[in-house]
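The values are calculated or read from the model by the stated rules, or taken from the named source; none is laboratory data. Note that the structure is predicted; figures quoted are calculated from it, not measured. All Cβ positions, even for glycine, are placed from backbone atoms using ideal geometry, and neighbour counts span all protein chains on display. For accessibility, only protein heavy atoms count, side chains too; no ligands or nucleic acids. Shrake-Rupley method; radii C 1.70, N 1.55, O 1.52, S 1.80 Å.
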Amino acid sequence: MISLPEFKNKQLFKQSFVHRSYLNETKQKISSNERLEFLGDSVISFVVSQYLYSKYPNFDEGILTNLRSLLVNTKSLAECAKELNFGSYMLLSKGEEESRGRQNESLLADSFEAFVGALFLDQGTEAVSDFLSLVLLPKAGLYVKNKAFKDPKSLLQERIQSQKQTSPLYKVINEHGPAHAKIFTVGAYVNKILLGKGEGKSKQEAEENAAKEALITLSLGKNNGIENKLKQ
């Protein structure tokens with residue numbers, strides 16, 4: 001397990017884990033972690049942007065933006081907080097405690113941002129970079145390896161073109177519901193073969209979901225013979 005940086009200002013460390021609900025149940029004169037969270041959000045974004053810019057000189061700003069979004073979203077930061085056992089440090093109200101606040105992704109992500117904000121105030125940007133290089137930045141390599149920064153339609157297009165097939169064709173198979181809340185079902189076809197179906201509140205969303213299913217179909221291709229059918 002990764003050791004947390006030793007703080008010079010112990011009060012900053014403590015404050016980074018104070019949820020606002022706790023303030024109503026304590027007589028201590030302390031502040032919540034919300035201001036630190038605000039600061040940490042910006043510091044994380046800056047350090048991650050700087051890292052990605054240097055690490056991937058051949059990626060355009062679109063890919064870099066998508067990568068950064070994957071790294072700094074709630075799920076990613078919450079995973080880091082869980083790995084560091086941040087839930088055990090949180091100061092929560094009884095209500096938050098009873099509603100499993102220590103496992104709440106949003107609260108965990110908030111505490112991670114607040115911790116980074118506190119670390120920045122305590123020790124500066126270099127300390128934050130060192131810390132994030134251990135717990136967050138390595139995730140970028142995994143996203144790049146798995147091409148997670150690309151949308152499913154782009155990934156399917158690449159997969160099909162690598163097999164020297166024609167581009168995927170998306171067709172609306174069905175749509176139902178009232179005009180203001182339609183649900184679309186779209187099929188992803190290659191050489192008239194249906195590879196995947198997807199639903200969505202828009203055609204674009206349905207196409208993305210159809211592409212996801214098509215990628216799964218192709219990944220299982222060796223077992224179901226789909227790749228041979230595409231070549232016929």
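Within segment 28-48, the set of residues being polar (S, T, N, Q) and either more than 16 Å from Phe120 (Cα to Cα) or touching a residue at least 40 places away in the same chain (Cβ under 8 Å) (or both) comprises Gln28, Ser31, Ser32, Asn33. Meeting the requirement of 1 or more residues that are open to solvent by 60 Å² or more (accessible area, probe 1.4 Å), at pLDDT below 95 and on the phi < 0 side of the Ramachandran plot, the helices (runs of 4 or more DSSP H) wholly within segment 21-118 are 61-72, 74-83, 94-98. Can you find even one residue in segment 168-176 that is within 29 Å of Val144 (Cβ to Cβ), touching a residue at least 24 places away in the same chain (Cβ under 8 Å) and open to solvent by 40 Å² or more (accessible area, probe 1.4 Å)? Yes; the residues of segment 168-176 include at least one that is within 29 Å of Val144 (Cβ to Cβ), touching a residue at least 24 places away in the same chain (Cβ under 8 Å) and open to solvent by 40 Å² or more (accessible area, probe 1.4 Å).
Pairing residues of segment 134-152 that are touching a residue at least 40 places away in the same chain (Cβ under 8 Å) with residues that are assigned to a loop (DSSP other than H, G, I, E, B) and open to solvent by 50 Å² or more (accessible area, probe 1.4 Å), at Cβ distances under 8 Å and at least 6 apart in sequence or on separate chains, gives Leu134/Ile2; Val135/Ile2.
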